[in-house]
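Step one of this worksheet: look at the structure below.
Where a number appears in this text, it was derived from the coordinates with a stated rule and is not lab data. Predicted model only: the values in this text are computed from it and were never measured. Because the Cβ atoms are built from the backbone with ideal geometry, glycine has one as well, and the counts that use them run over all protein chains shown.
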Amino acid sequence: MLTLSTAAPAVGAAFFASIVEVVEAFTIVLAVGTLRGWRPATFGTAAALASLAAAILVLGPLLDRVPINLLQLVIGILLLLFGMSWLRKASLRAAGVIPLHDENAIFAAEAAQLGEAARRRQTRLDWIAGMTAFKAVVLEGLEVVFIVIAVSAGRGLLLPAGLGALAACVLVLAVGAIVHRPLTRVPENTLKFGVGVMLSAFGVFWTGEGLGVAWPGHDLALFVFAALFLGAGLVASALARRPVMEIVL
Amino acid sequence: MTMLKEIFAELIGMFVGDARLTLAVLAIVAGVSALIKIAGIDPLGAGGILLVGCLGLLVENVYRSARSGLRP
């Protein structure tokens, strides 16, 4: 039976990860729509979303046929690698070691690239613009697809996690349609930090279960793991921010 | 063809943000697996090692990356 402690982390991870990725894709689609018209932008986006939805619908049920222990181990390891990679990058960004994601700069770069393409190949512009939107949505959406499948596989959570991702898409597109400019005020790094925490917690939980560990408290252990990863991320970020002490002889 | 390459690169990049971190995580998982399957230690204890190992790896990797002036 589906319980809140089982579904909430999966749906939350899918929702917040999707917000991060959809904001990034939206910036490029907005550049395409603003510069080359909304027809190629809409066509490219719709084609990409259809491809990603097909990937979820094909891969999701297929994974349910894999033996549960093997599935938990493989997905757990992938989640650990993916989640810790996000958490590492978000910690470094929070510490100011690497720059924050700049949606305005990405919008300007994409606009310049499309402008350059316009000068070179006038006749195929709609095609190029449509493909630009398609590529942006597919590349950003791949991560969403992985997260939705990974947090739901083998637990019957494909629909709730998929709906969480879809809700994020609708939310970002609705806000984007209203403000009609890159969504620079979305706290992307904070969201990425949070999602990295959740995915790392899922990773440890599933990898352990795949190896035969019976975690005390079952799904509730996820919240403990998440709290520990949050603490570790904050400590790592604080340490990275600290200036190096130099010894002068 | 170019797009397929980009999609493939994106897929690889999803799991290998930092090669050293990736290898270290895989080494911890392999070590914990060996402790359970070969050494026969209590799985819950091995699970604790997995958790603490991953937390330690994260802190060490972020700290080392910052100190070495890493740009991703």
>> Give me the residue from the range A:77-106 that is within 19 Å of the chain's Cα centre (by Cα), more than 7 Å from chain B (Cβ to nearest Cβ) and in a helix (DSSP H, G or I) and, out of that set, nearest to A:G130 (Cα to Cα).
In response: A:I106
>> Scan the range A:50-65 and tell me whether some residue there is outside any helix (DSSP H, G or I) and either touching a helix residue (DSSP H, G or I) at 6+ places or on another chain (Cβ under 9 Å) or surrounded by fewer than 24 Cβ atoms within 10 Å (Cβ to Cβ) (or both).
In response: yes
>> Which condition from (1) within 14 Å of another protein chain (Cβ to nearest Cβ); (2) buried (at least 18 other Cβ atoms within 10 Å of the Cβ) is the one that A:E110 breaks?
In response: (1)
> For the range A:133-249, which helices (runs of 4 or more DSSP H) that fit wholly inside it have 2 or more residues that are free of Cβ contacts under 8 Å to residues at least 60 places away in the same chain and not polar (S, T, N, Q)?
Replying inline: A:158-179, A:221-241
> How many residues does the range A:210-240 hold that are more than 9 Å from chain B (Cβ to nearest Cβ), in contact with a Ser or Thr (Cβ under 7 Å, 6 or more places away or on another chain), farther than 17 Å from A:I75 by Cα and crowded, with 17+ Cβ neighbours inside 10 Å?
Replying inline: 0
> Within chain B, which helices (runs of 4 or more DSSP H) (wholly inside it) include 1 or more residues that are within 27 Å of A:L92 (Cα to Cα), out of contact with any helix residue (DSSP H, G or I) (no Cβ under 8 Å at 6 or more places or on another chain) and among the charged types (D, E, K, R)?
Replying inline: B:43-67
> Across the range B:16-44, what is the total count of residues that are over 14 Å from B:L58 (Cα atoms), facing chain A (nearest Cβ under 7 Å) and over 9 Å from the mean Cα position of the chain (by Cα)?
Replying inline: 5
> Which of the residues spanning the range B:1-28 are β-branched (V, I, T) and more than 18 Å from A:V74 (Cα to Cα)?
Replying inline: B:T2, B:I7
